[in-house]
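Data block below; observations after.
What follows is calculated from the coordinates using simple rules that are stated; it is not laboratory data. Because the structure is a prediction, the values reported are computed rather than measured. Backbone-built Cβ (ideal geometry, glycine too); neighbour counts: all protein chains shown.
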Amino acid sequence: MALLEITDLHKSFRAPDGSQHAVVSIPRFSLESRVQVALSGSSGSGKTTFLHLIAGILTPDSGRIELDGQPMSALPEAARDRLRAFDIGYIFQTFNLLQGFTVLENVLLGMSFGPGADRARAVALLERVGLSQRLHHFPRQLSTGQQQRVAVARALAHRPKLVLADEPTGNLDAANARTALDLIRGACSENGAALLLVSHDPAVLDGFATRVPLTELNRAAAATAAGGAR
């Protein structure tokens with residue numbers, strides 16, 4: 001059984017004129033444990049919406065999402081939150097660090113929603129990403145690349161089975177993007193986590209053996225592409 005199984009997934013949003021705009025329409029997608037896959041797609045192709053549906057941040061209009069045999073799409077909100085807290089790590093493009101908390105506190109807080117805060121593991125992960133001298137710094141005291149490293153450590157701290165990465169190098173220059181990507185992939189491998197990364201950057205996508213254009217999965221994105229960019 002695959003770690004992630006998606007069947008007939010659909011999500012639409014209401015446009016300002018009142019019409020329904022289909023953003024995600026994916027007949028089938030699966031991801032095996034420990035496998036790393038990159039999804040490519042332009043801005044507006046539904047990449048972030050797709051990841052948010054997988055993570056249970058958004059609920060689909062219809063369809064089924066199973067994570068490790070659990071029906072994420074059919075669970076009530078509290079149960080989805082719990083499944084996400086234990087089994088999913090999310091690396092946001094904008095990092096989403098809590099500005100009033102230190103680097104170490106950001107990681108510990110992320111862990112507290114799942115199996116519980118483990119200071120030794122949090123410190124070890126931050127050391128792994130090269131931030132042993134920044135544990136008590138605040139996000140505003142870090143460079144963009146350092147903030148990205150905190151986000152990676154936080155995403156992996158609770159030993160998730162699946163890591164979702166949404167344009168994780170989008171705010172980095174070329175050199176830091178390469179370093180961040182190597183870090184994300186290496187950390188996922190070391191922790192036995194599958195990785196689903198979405199990006200529009202060819203330099204990022206070229207590093208993956210398995211690359212899937214989102215328009216091959218997403219009928220909504222394919223229709224938009226056929227009709228012109230929106």
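A few remarks follow.
- The order of 81, 173, going from fewest to most other C-beta atoms within 10 Å of their C-beta, is 173, 81.
- Label-point gap, in nm, between residue 30 and residue 175 - each point 7 angstrom along Cα→Cβ: 4.4
- Cα-Cα P(r), the chain, percent of pairs per 10 Å interval: 8, 33, 35, 20, 4, 0
- Choice from 21, 136, 158 with maximal GNM fluctuation in the chain (Cα, 10 Å cutoff): 21
- Each of 160, 213, 46 was scored by the projection of its Cα onto the charge dipole of the chain, and the greatest displacement toward the positive side belongs to 160; charges sit on the C-beta of Lys, Arg, Asp and Glu.
- Residue 200-residue 13 FRET efficiency (beta carbon distance; Förster radius 22 Å; 0.05 resolution): 0.60
- Spin-label model, residue 135/residue 109: points 7 Å from Cα along the beta carbon direction are separated by 1.9 nm.
- Neighbour-count order for 1, 72, fewest beta carbons within 10 angstrom listed first: 1, 72
- Residue 72 sits among other residues whose Cβ lies under 13 Å from its own Cβ, and their net charge, with Lys and Arg +1 and Asp and Glu -1, is -1.
- When the helices of the chain are scored as -39500 (n - 2.57) per DSSP H run of n ≥ 4 and the total is divided over every residue, the value at 222 nm lands at -11000 deg cm²/dmol.
- Hypothetical label at residue 99: residues of segment 146-178 whose amide nitrogen lies under 20 Å (7 Å Cα-Cβ projection): 146-152, 171-172
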